[in-house]
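Here the structure comes first, spelled out in structure tokens, and everything after it is commentary.
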Amino acid sequence: MTQIYGTLGPACASQEMLEAMLRSGLTGMRLNLSHCDLADSRELLDAFWAAAEVTGTHPQLLIDMQGPELRIGSVAPMELVDGAELALGEGGIKVPAVLFPEMKVGDELLLDDGKLALEVLTTGTDRALTRVVRGGKLTSNKSIKLTGKDIRLPVSTERDIRNIRQAADFGVTALMQPFVHSGEDLVELRRILEENGAGYLEIHAKIETVEGAHNLDSILPYADAIVIARGDLGNDMPLWQLPAVQKDISAACRKAGKPFVVVNQMLASMERNPIPTRTEVSDIFNAVADGAYGVMLTNETAVGAHPVEAVSCMARTAADAERWLQERQ
């Protein structure tokens, strides 16, 4: 059976809502730890496990680590207007220092999984001036990506290690590791898990860069599952190339007998609307038809207006894809 994952957040924080989602076909939840610790989410996780007990289900809990992802600092919510200038670093929005040596005039910066885009106008050792190319609302701790540049950071942060040590106390079953570039990343991660009493955790390797996709053969032996994370992966290549890369990763996973999960914007319209688009339903169906072990909702359940309906739609579409596959065997 295809695993149906949601993402924990304010929209599904009540036990009653989580019970309804589990009854609608939810089989697991993702908790994004980019901005918080497990201990900060205790109340939400208590509600999740209480809902599981009431419904007689045994869902998985996946923690999505901070890992080597670049993010901006804390900012007051702001609206970025096309054509406006925006300073980064000293006197502006705080960004990771490792970006400045890599930035060149004319480079593109993508914020919040590519929803916003900036063009670099000037650079310095601790400051850059940019122009807003694609505007919108910007809030704290959103991802930032320098297009075409592969900037390496340590596999795990101090926050990640702190959460790994607490994983058993909160019922965590698997860890989603961001920005896996090669098998060496997972060897190092497994060492960290073993050293911190969490060697039992499954590793779900997120493929989010062109390099990760190219190095998939070296990653597969060390991952318990592959996550085709189309948000950042789509930022690292022309967007129209993403479907072919998804197909290639799916085929490689099938050949290797490795489970894989497809994630990002699967039912994005249902953040606002109670029914999906035809395109979204086709996307889910095709992912399952291509052999996906699981499909995942993110904002749809974390902050969307219709989390139960989104889970139900995903579960029903996946079930229909499974029936279609069985009829053709």
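Bear in mind these aren't lab numbers, they're just calculated from the coordinates by the rules spelled out. Predicted model only: the values in this text are computed from it and were never measured. Note that we place each Cβ from the backbone using ideal geometry, even for glycine, and neighbour counts take in every protein chain shown.
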What order do you get for S269, S41 when you list them from fewest to most C-beta neighbours inside 10 Å? S269, S41
Write down the radius of gyration of the range 78-146 and its Dmax, each obtained from C-alpha positions, in Å. 10.6, 27
Proximal lysines relative to K149, as straight alpha-carbon distance under 16 Å, when same-chain residues fewer than 8 apart are discounted: K104
Chain lengthening between R328 and D150 when straightened (0.36 nm per residue, less Cα-Cα): 59.9 nm
The residues W324, W49, W240, sorted from fewest to most surrounding Cβ atoms within 10 Å, come out as W240, W324, W49
Cross-link pairs K94/K115; K206/K255; K115/K255 - those with Cα-Cα distance over 29 Å: K115/K255
Which whole-number percent is the relative contact order of the chain (Cα, under 8 Å, 6+ apart)? 20 percent
May I ask you to list the residues of the range 32-64 whose amide nitrogen lies under 20 Å from a point 7 Å from Cα along the Cα→beta-carbon direction of K115? 32-36, 64
Against the rule of thumb 2.2 N^0.38 Å, how large the Cα Rg of the chain comes out: 0.99
Helix 42-55 sits off the longest principal axis of the Cα atoms of the chain, rounded to the nearest 10 on a 0 to 90 degree scale, by 20 degrees
Which whole-number percent is the relative contact order of the range 78-146 (Cα, under 8 Å, 6+ apart)? 41 percent
Please compute the contact order of the range 178-224 in relative form: average sequence separation of alpha-carbon pairs under 8 Å and at least six residues apart, divided by the residue count, as a percent. 58 percent
Rank the residues I275, I226, I93 as a footprinting-exposure proxy: fewest other Cβ atoms within 10 Å of their Cβ go first. I275, I93, I226
Among 199-208, 27-36, what's the highest-first ranking by average C-beta atoms within 10 angstrom per residue? 199-208, 27-36
Please give the FRET efficiency for K247 paired with V133, using the beta carbon to beta carbon distance and R0 = 25 Å, rounded to the nearest 0.05. 0.25
Length released on extending from E43 to N286, taking residue separation times 0.36 nm less the Cα-Cα span: 83.9 nm
On a C-alpha basis, how far is the centre of the range 99-170 from the centre of the range 250-329 in Å? Whole number, if you could? 28 Å
Contour minus Cα-Cα span, V54 to Y200, at 0.36 nm per residue, comes to 49.9 nm
